[in-house]
Amino acid sequence: MCDQTFLAVVFGPCDKCSKEKPLRAVYIKSEQLSYCSLCVEMMATEGLHENETLASLKTEAESLKGKLEEERAKLHDVELHQVAERVEALGQFVMKTRRTLKGHGNKVLCMDWCKDKRRIVSSSQDGKVIVWDSFTTNKEHAVTMPCTWVMACAYAPSGCAIACGGLDNKCSVYPLTFDKNENMAAKKKSVAMHTNYLSACSFTNSDMQILTASGDGTCALWDVESGQLLQSFHGHGADVLCLDLAPSETGNTFVSGGCDKKAMVWDMRSGQCIQSFETHDSDINSVRYYPSGDAFASGSDDATCRLYDLRADREVAIYSKESIIFGASSVDFSLSGRLLFAGYNDYTINVWDVLKGSRVSILFGHENRVSTLRVSPDGTAFCSGSWDHTLRIWA
Amino acid sequence: MKELMSNSTTSISQARKAVEQLKMEAYMDRMKVSKAAADLLAYCDAHIGEDPLIIPVPASENPFREKKLFCTIL
């Protein structure tokens, strides 16, 4: 479903140099051509054409931005919540903390579920990364990173490894072993190298590739085995804080959000930005795809969460209330996409009805800001991590 | 002088790239919000029955709501 909606980024002969490479679309005198990325760079740095000056290019950019807004507005015929009026309202929700995972010595910064719907990896400010069994609350593995503020952690799809990183500017992969004689830290593999802190990481559909986002303003795709950089994604004007991969099996896109208030959708094969959205008023802390892959939600320091539809190419809903003044640090959808769970810096979790735009429930329990939130792979529960050193499983 | 020139080439190339990016975004195919919203609704409707957080499954089938403790035989 996702692949159909975007520009077909073809692999084929470049219109300029005729080499077989991944291509991207360029417009020259209103004609669409396909150039490889090298030719795009070369075209961009060629000497000035007759009528072009920096000022004229800037004016052209401004007028294109205006045209973009116009095109988007033309299709804005109705609001999502209006279409959703005919949908049945949700009943009352009873969601409680079912497990509390205690063991971190400092702020919990990130967590991820294993595909077995049971194990959880979490990382904290003191450098500890712990793998938990959420059913029993037992700790199965623990590793101490050589740096503090481990802001990103991820579970491999196979469940056999975890990736984490933070102020060390790297993303390291640790294979998980149940052998009591083996020291987990000894098998560590450094995969990604950035020039600033690592803010988010995620395995792609396999254990072999990792996608990272960094405070240096870029995202990058790495091969785990060799540590080689496969593709880098430039375009954000400031730190990139979050990323999420499109849910489809064949999906080749991901969305990232950053301190430049922009959410950008990227094609993983070509490194090109396909769409970008700039309606938030402050840093975007978290982005998450809608389960169908046709939309994504974002949570921001401006105290709102927003839903962007990729095919309509615009924001279609805002989840906010006057009484909510603290930033949303983390968002995730329930299995059907009807509910949006958002963790806030005022220690609460708000549950929003995605379609109607109203708040369904507010969950209290954490004693400090909620920093991370993920729904389990089968949707039976969600886990929230907080600066109060604990993780809570809600169901 | 050389620095000035290379600065202007960089900013020109950046401006050119920005223009190309905007052109690409402006010309992309979009669909109406009404259709996109209808699709989102349809997806929700289709999957809401399987969503354990909305239609709660019986407590015995939700491993988190069960009260009994988990023990493993070593």
| message | I'd like the mean, over residues of A:306-316, of how many other protein chain beta carbons sit within 10 Å of each residue's own Cβ. | response | 4
| request: For the stretch A:153-158, just list the computed ³J(HN,Hα) in residue order, Karplus coefficients 6.51, -1.76 and 1.60, θ = phi - 60°, integers in Hz, with x standing in for Gly and Pro. | output: 8, 8, 9, 6, x, 6
| Which pairs in the list A:Lys139/A:Lys189; A:Lys65/A:Lys261; A:Lys117/A:Lys139; A:Lys102/A:Lys170; A:Lys356/B:Lys35 are over 18 Å apart, alpha-carbon to alpha-carbon? | A:Lys139/A:Lys189; A:Lys102/A:Lys170
| query | Looking only at other chains, what is the average number of their beta-carbon atoms within 10 angstrom of each beta-carbon in A:265-275? | reply | 1
| task | State, as an integer percentage, the relative contact order of chain A based on alpha-carbon contacts under 8 Å between residues 6 or more apart. | result | 13
| query | Can you list the aspartates and glutamates whose alpha carbon sits under 13 Å from that of A:Lys21, skipping same-chain ones fewer than 8 residues off? | reply | none
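Can you list, largest first and rounded to whole Å, the semi-axes you get for the protein assembly as shown by taking the square root of 5 times each eigenvalue of its Cα gyration tensor?
Ellipsoid semi-axes (Å, largest first): 39, 28, 19.
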| remark: One finds the C-alpha centres of the stretch A:267-322 and the stretch A:340-367 to be spaced, in Å, by 17
| said: From the helices alone, meaning DSSP H stretches of at least four residues, give me the mean residue ellipticity at 222 nm for chain A, per-run term -39500 (n - 2.57), in deg cm²/dmol to the nearest 500. | reply: -2500 deg cm²/dmol
| request: Compute the distance in nm between two label points, each set 7 Å from the Cα along the Cα-to-Cβ direction, one at A:Leu229 and one at A:Glu182. | output: 3.1
| Note, ³J(HN,Hα) from phi for the stretch A:224-230, Karplus 6.51, -1.76, 1.60, rounded to Hz, x at Gly and Pro | 5, 4, 9, x, 7, 7, 8
| query | A:Lys117 versus A:Asn138, label points 7 Å from Cα toward the beta carbon: distance in nm? | reply | 2.1
| field | Separation between Cα centres of the stretch A:89-155 and the stretch A:193-259, rounded to whole Å | value | 21
| Once amide H atoms are built 1.01 Å from N in the peptide plane, which residues 5 or more positions from A:Gly217, or in another chain, come under 5 Å H to H? | A:Val240
| What average count of beta carbons from other chains do you get within 10 Å of the Cβ of residues in A:379-389? | 2
| List the GluC sites (Glu not before Pro) in the stretch A:159-268 that DSSP assigns to loop (not H, G, I, E or B) and whose Cβ has at most 10 other Cβ atoms within 10 Å. Which are they? | A:Glu249
| note | With the stretch A:247-321 reduced to its Cα atoms and the Debye formula applied, log10 I(q)/I(0) at q = 0.12, 0.27 1/Å amounts to -0.29, -1.34
| query | Using the Karplus equation 6.51 cos²θ - 1.76 cosθ + 1.60 (θ = phi - 60°), what ³J(HN,Hα) coupling, rounded to whole Hz, does each residue of the stretch A:252-268 give in order, writing x for Gly and Pro? | reply | 10, 10, 8, 10, 10, x, x, 6, 8, 6, 9, 10, 10, 9, 10, 8, 5
| Amide H neighbours of B:Leu53 under 5 Å, counting only residues 5+ apart in sequence or on other chains, H built in-plane at 1.01 Å? | A:Leu335
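The numbers here are math on the coordinates, done by the rules we state, and not lab data. None of the values given here were measured: they were computed from a predicted structure. Quick reminder, even Gly has a Cβ in these numbers, built from the backbone with ideal geometry, and neighbours come from all protein chains shown.
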